[in-house]
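If you scroll down you'll find the structure; I have some questions about it.
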Amino acid sequence: MFSRYAKLILILSLHLILLSLLAPPPAYAMHIMEGFLPLGWAALWFILVLPFWGWGVKSLKAKVSGQPGLKLLLGFAGAFTFVLSALKLPSVTGSCSHPTGVGLGAILFGPAAMSVLGAIVLLFQALLLAHGGLTTLGANTFSMAVVGPLTSYGIYKFLKKTKVPLSFNVFLASALGDLATYVVTSLQLALAFPAPDTGIWGSFAKFISIFAVTQVPLAISEGLLTVVVFNYLFAYNKEELKELAVLQEKGGA
């Protein structure tokens with residue numbers, strides 16, 4: 001089982017390295033960079049994510065306690081998020097965009113678990129890759145590890161009750177979770193830096209338009225990749241997916 005996860009992680013990592021070599025260095029990352037937010041806003045986002053971290057720790061203990069197979073699956077979900085969200089592709093005006101990878105983990109383990117897992121990913125990226133920052137960890141966690149997973153999980157659970165094909169459900173949950181992250185990030189930047197003439201909403205429109213050019217196709221690509229990975233898990237880890245109540249008795253992605 002571990003070798004299957006390792007193979008998937010290796011494939012994703014090779015794609016990351018290749019794309020990173022082909023892409024020119026960006027001016028700054030879509031994660032809000034270190035020191036960019038005023039201290040008051042940075043502190044506010046930390047306070048807002050604290051309850052989610054507490055909820056997440058409790059959820060993780062309940063889901064994986066005494067379940068070695070689920071712990072491996074959780075580790076794979078974290079690696080998937082790390083690899084995808086570490087990929088930085090140049091956008092317009094010197095910025096860059098990247099996938100988030102949180103949709104898969106949210107579908108498998110729920111949004112509470114992803115608030116912790118995503119925060120760990122963001123912490124390692126800030127320390128090892130200078131991607132994001134420590135002072136902006138709360139803001140980045142709120143957008144990518146709270147709102148993104150909540151969106152993906154809500155869409156997946158809602159569409160699961162309908163006749164929508166599971167593959168389309170996984171795709172839509174992952175893609176819209178990605179886009180929700182960037183909507184919130186744009187709002188966070190607009191709140192901290194309102195435009196002098198048009199205010200918060202004018203600034204919001206500016207920020208979100210900057211990233212839309214590259215983020216929409218990236219969200220679609222992330223949705224498709226998540227379906228491929230989900231199909232792999234469906235083929236080799238069906239029992240774990242049923243144990244997590246991800247799957248019904250019939251159907252696959």
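Applying the selection to region 144-170, what residues are out of contact with any helix residue (DSSP H, G or I) (no Cβ under 7 Å at 6 or more places or on another chain) and part of a helix (DSSP H, G or I)?
Within region 144-170, GLY154, LYS157, PHE158, LEU166, PHE168 qualify.
Follow-up question, since we're still on this one. Kindly evaluate PHE76 against the criterion of being over 14 Å from MET144 (Cβ atoms), assigned to a loop (DSSP other than H, G, I, E, B) and modelled with pLDDT of 80 or more.
When the stated conditions are applied, PHE76 does not pass them.
Condition check: hydroxyl-bearing (Ser, Thr, Tyr), in contact with a helix residue (DSSP H, G or I) (Cβ under 6 Å, 6 or more places away or on another chain), part of a helix (DSSP H, G or I) and modelled with pLDDT under 90. Does THR141 satisfy that?
The answer is no for THR141.
What do you reckon, is VAL147 among the aliphatic types (A, V, I, L, M) and surrounded by 24 or more Cβ atoms within 10 Å (Cβ to Cβ)?
It is false that VAL147 is among the aliphatic types (A, V, I, L, M) and surrounded by 24 or more Cβ atoms within 10 Å (Cβ to Cβ).
Of a type outside the set (Val, Ile, Thr) and over 21 Å from ILE107 (Cβ atoms): does that describe LEU50?
Taking the combined requirement at face value, the residue satisfies it.
Can you name the condition, by its number, that SER91 falls short on among (1) modelled with pLDDT under 90; (2) over 21 Å from VAL216 (Cβ atoms); (3) touching a Phe, Trp or Tyr at 6+ places or on another chain (Cβ under 7 Å)?
(2)
Right, here's the next one. Scan region 171-185 and tell me whether some residue there is under 17 Å from the mean Cα position of the chain (by Cα), assigned to a helix (DSSP H, G or I) and free of Cβ contacts under 8 Å to residues at least 40 places away in the same chain.
yes
The values are calculated or read from the model by the stated rules, or taken from the named source; none is laboratory data. Bear in mind the structure is a predicted one, so any value in this text is a computation, not a measurement. Cβ sites come from the backbone with ideal geometry, for glycine too, and all protein chains shown count toward neighbours.
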